[in-house]
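The values are calculated or read from the model by the stated rules, or taken from the named source; none is laboratory data. These numbers come from a predicted model, not from an experiment. No Cβ is skipped: glycine too gets one built from the backbone with ideal geometry, and neighbour counts run over all protein chains shown.
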Amino acid sequence: MSAAALDRWAGRVSAWANGGEPTESSCIDRAPAPKRQGRDVYVYFDNDAKVRAPFDAIALRERVASRK
């Protein structure tokens, strides 16, 4: 996964973890969402691109942690 893609995913994960929604997300209902508490976010990596999934997972975790 490219660094830019990891950065985009880190932004999404951070938004979800803080109870929000990513800015580029699309929703069925456009009404403002109620303020939510933080929530757990689970991310799964497919391990078919040269066995990079563990390294990409670590890189994503570091990017998310740096946004706190």
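A few notes on this one:
- Residue that is farthest from the chain's Cα centre (by Cα), among those in the range 1-40 that are surrounded by 13 or more Cβ atoms within 10 Å (Cβ to Cβ) and of a type in the set (A, V, I, L, M, F, W, C): MET1
- Listed conditions (1) part of a helix (DSSP H, G or I); (2) surrounded by 11 or more Cβ atoms within 10 Å (Cβ to Cβ); (3) under 12 Å from the mean Cα position of the chain (by Cα) are all met by VAL43, apart from (1).
- Only one of ALA57, ALA53 that is out of contact with any Ser or Thr (no Cβ under 9 Å at 6 or more places or on another chain) and modelled with pLDDT under 90: ALA53
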